[in-house]
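Scroll down for the structure; my scribbles are underneath it.
None of the figures in this text is laboratory data; all of them are computed from the coordinates on show. Since this is a predicted model, take the numbers as computed values, not measurements. Ideal geometry is used to build each Cβ from the backbone, glycine not excepted, and the neighbour counts take in all protein chains shown.
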Amino acid sequence: MKRIANIRQEIAQLLGYKNYAAYTLEKRMAENSDAVYKLLNQLVDAYKPTAEKELKDVQELASQTQGPNFQTMPWDWAFYSNKLKDQRFNINDEMLRPYFELSKVKEGIFGLATKLYGITFKENKNIPVYNPDVEAYEVFDKDGKYLAVLYTDFHPRAGKRAGAWMTQFKEQWKENGKDSRPHISLVMNFTKPTENKPALLTFSEVETFLHEFGHSLHGMMANSTYESLSGTNVYWDFVELPSQIMENFAIEKDFLNTFAKHYQTNEQLPRELIQRIVDASNFNTGYACLRQVSLGLLDMAWYTINTPFEGNVIEYERQAMTKTKLLPSFGTMQSMRRKRFFHIYFSGGYSAGYYSYINGRKYWMLMAFSLFKQKGIFNKERVAELLSVKIYFLKGLEQNIR
């Protein structure tokens, strides 16, 4: 970590910048680290009081079962917060899972893309795949024109890393009058089906599917001259907007009614359960959002160094995240956090840019999705308005290209 951070600091200074954040933010919409820190500090002030109240509520529940002197620790949080959620809203993953059969969820999400954009998906078993679990789909535009290949890789296996992501095996570009279309991969780690039961998703996994599918749409509908500017190769401040917009459909009744049926009885997901999903959608969001801010602060701490870093990594990260701290942390947990997010800070595109995930989620996404809500979530007129939102936020792109 030290080596990577220091090499990037050296690269930036060789190019005339004081640090790596100054170098990379010049090509992003925030423009400089002062603007990023202003955003992150504003979000700390906004989220922390709510997060502290949420922690207090979880602590009270934990004390009821463990005794008045029990101190909630980081490893207790998920357990007791889920118990409190179940208590308040009478809803949990196992209650919803039977309504989210993977094949039906896939049909629903593909169908959503058809409703919004007119694109269609046709499985093609003649396209070679890299594992028997992988399926390949040819994607066609609303006029029947070939658009992309989409590979779906839904299940875990030996050697496959955890998590969910979208990636490109081949990006889109234009050359000599030919539009070379992309090959996109949609990767998850959903529980595999068994002999007696199909693959059933949690509600959170449905949201994840929608999120990564949003990135996939961004890649599949690319229409650029240059590969380096194609698909998701946009300002990192903006890259999470399509994925966050798609996530919003997860709590929309009209969308859920298109596919959410009990895998055994074919019963529609009951209206009261949908309402509980909606009611629970903001549960502990203060805590969750503050956690995202803490990761943004940690990211910026690594890339605003102006001299080679030779200090204690754990202590440095602890100091960087002090203002967002709610629960005790320990050296081992700090190490786990570094490993968990290493691919973002040090090997992914979010270096000095993780703030964009928070920014897109809480501001631009809400603005854009509100356009769908005004006349119905399947209203195609709003797609054009959504594109105008993209143009507005990318208004500096032409200058950046020049």
Taking every other residue with Cβ under 12 Å from the Cβ of I251 and scoring Lys and Arg +1, Asp and Glu -1, one gets -2
Fewest to most Cβ atoms within 10 Å: E101, E207 sort as E207, E101
Using modelled amide H (1.01 Å from N, peptide plane; none on Pro or chain starts), what sits under 5 Å from the amide H of Y226, excluding residues fewer than 5 places away?
K174
In a shell of Cβ-Cβ distance under 14 Å around Y23, excluding Y23 itself, what net charge do Lys and Arg (+1) and Asp and Glu (-1) give?
+1
Would you calculate, for the chain, the mean residue ellipticity at 222 nm contributed by helices, counting each DSSP H stretch of 4 or more residues as -39,500 (n - 2.57) and dividing by all residues, to the nearest 500?
-16000 deg cm²/dmol
What list of whole percents do you get for P(r) of region 101-259, with Cα-Cα distances grouped in 5 Å bins up to the one holding the largest distance?
2, 9, 17, 22, 22, 16, 8, 3, 1, 0, 0
So for the chain, taking the charge dipole from beta-carbon charges (+1 Lys/Arg, -1 Asp/Glu), which of F378, N6, L61 sits furthest toward the positive end?
N6
Neighbourhood charge, 10 Å Cβ-Cβ cut-off, centred on V129 and excluding it, Lys, Arg +1 and Asp, Glu -1:
-2
Per-residue HN-Hα couplings for region 3-16, Karplus 6.51 cos²θ - 1.76 cosθ + 1.60 at θ = phi - 60°, whole Hz, x for Gly and Pro?
4, 5, 4, 6, 5, 5, 4, 5, 4, 4, 6, 4, 8, x
Can you bin region 211-338 into rounded, prolate or oblate? Criterion: square roots of the alpha carbon gyration tensor eigenvalues sorted a ≥ b ≥ c, rounded for a/c under 1.5, prolate for a/b above b/c, oblate for the rest.
oblate
Whole-Hz couplings from phi, Karplus 6.51/-1.76/1.60, listed for region 201-210; x for Gly and Pro
9, 7, 4, 4, 5, 4, 4, 4, 4, 4
Tell me which residues come under 5 Å, amide H to amide H, from L147 once H is placed; ignore anything under 5 positions away on its chain.
V139, F140, D141
In terms of modelled amide H atoms, which long-range or inter-chain residues lie less than 5 Å from the amide H of D237?
M29
Quick one: K261, K83, fewest Cβ neighbours within 10 Å first, how do they rank?
K83, K261
